[in-house]
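Read the structure below first, then the notes.
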């Protein structure tokens with residue numbers, strides 16, 4: 001089992017300073033680097049203070065200056081927002097600048113809020129089809145002289161300039177949920193990243209089953225599969241309860257952004273009332289405690305060993321939570337020093 005960190009800047013209130021938030025983000029990434037994690041992942045989002053990440057390649061290029069060993073992954077770029085030639089070129093340039101440390105996570109995107117602003121009229125189905133057309137083109141563009149005539153993109157023979165530093169280009173990871181997405185990834189030799197969100201061990205097992213079924217039926221080499229999950233390593237049982245409450249709030253806001261029904265002003269969604277938070281039974285704190293990777297060090301070790309036994313190759317510690325920087329750092333420190341050694 002390998003370990004990575006998944007993180008963004010989170011701005012919960014207008015008085016929070018962006019520069020200070022970025023320094024806090026950097027501190028988490030340097031902790032991951034110094035603590036022996038394999039990679040750090042950061043994504044792409046637009047117009048949302050909830051998850052600040054307008055261009056992961058810029059962030060990754062800066063992270064390369066502050067870290068030494070980490071692989072630096074996009075978790076994920078939203079393929080429909082990129083022309084394949086532009087994505088191939090920027091990824092190759094980032095791989096070159098980072099000394100060959102880039103890993104490229106690719107997804108269709110999730111938020112209708114973003115679709116409405118960047119690709120008006122596009123729905124999740126079309127976004128997925130655009131992603132499936134784009135991702136296989138990346139290696140062809142890195143190889144060079146790739147001409148393409150597809151449903152969404154057409155271009156004459158084109159070569160990525162520059163070429164990636166890594167032979168055959170950076171590893172590509174596909175965010176997958178349904179069996180067709182797993183099939184697409186395996187057929188193309190892409191690694192798989194799965195995110196059960198708040199849905200618990202049944203979903204974690206189901207996602208692994210879908211992956212295994214596709215691999216067993218395929219003639220292709222088995223790729224890697226990574227589990228991305230909200231994680232908190234607590235100091236004691238009271239700290240477990242507090243973390244569950246904080247993640248309940250996070251997921252209530254996540255759901256509000258996903259539903260795309262509330263007003264957004266200056267990048268902040270309209271505040272949820274205490275009644276709305278309390279009445280969101282799906283995201284209740286007791287469910288968070290049951291279904292996320294939350295607990296004392298030994299409890300988290302036991303949970304992650306279960307994921308390892310299922311066959312996951314990498315566990316990515318999703319640290320976005322609305323918690324203070326101090327609480328995030330304390331949890332990550334316990335994960336690095338108490339949890340990870342159990343898997344060495």
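Kindly establish whether residue 191 is closer than 13 Å to residue 312 by Cα and modelled with pLDDT of 95 or more.
The answer is yes for residue 191.
Quick test for you: out of 290, 334, 327, 306, pick the one residue that is assigned to a helix (DSSP H, G or I), in contact with a strand residue (DSSP E or B) (Cβ under 6 Å, 6 or more places away or on another chain) and farther than 29 Å from residue 115 by Cβ.
Sole residue among the options that is assigned to a helix (DSSP H, G or I), in contact with a strand residue (DSSP E or B) (Cβ under 6 Å, 6 or more places away or on another chain) and farther than 29 Å from residue 115 by Cβ: 334.
So residue 284 passes all but one of these: (1) touching a helix residue (DSSP H, G or I) at 6+ places or on another chain (Cβ under 7 Å); (2) free of Cβ contacts under 8 Å to residues at least 40 places away in the same chain; (3) surrounded by fewer than 18 Cβ atoms within 10 Å (Cβ to Cβ). Which condition number does it fail?
Here residue 284 meets the rest and fails (3).
For region 120-134, check the following and say yes or no: at least one residue is under 17 Å from the mean Cα position of the chain (by Cα), touching a residue at least 12 places away in the same chain (Cβ under 8 Å), part of a helix (DSSP H, G or I) and under 20 Å from residue 177 (Cα atoms).
yes
Within region 2-32, count every residue that is assigned to a strand (DSSP E or B) and either more than 21 Å from residue 195 (Cα to Cα) or in contact with a helix residue (DSSP H, G or I) (Cβ under 7 Å, 6 or more places away or on another chain) (or both).
3
If I go through region 220-245 residue by residue, how many of them are touching a helix residue (DSSP H, G or I) at 6+ places or on another chain (Cβ under 8 Å) and either buried (at least 17 other Cβ atoms within 10 Å of the Cβ) or at pLDDT 95 or above (or both)?
16
Can you tell me which of 258, 254, 250 is modelled with pLDDT of 95 or more and surrounded by fewer than 17 Cβ atoms within 10 Å (Cβ to Cβ)?
258
The values are calculated or read from the model by the stated rules, or taken from the named source; none is laboratory data. A quick note: this is a predicted structure, and the numbers were derived from the prediction, not measured. All Cβ positions, glycine included, derive from the backbone under ideal geometry; neighbour counts span all protein chains shown.
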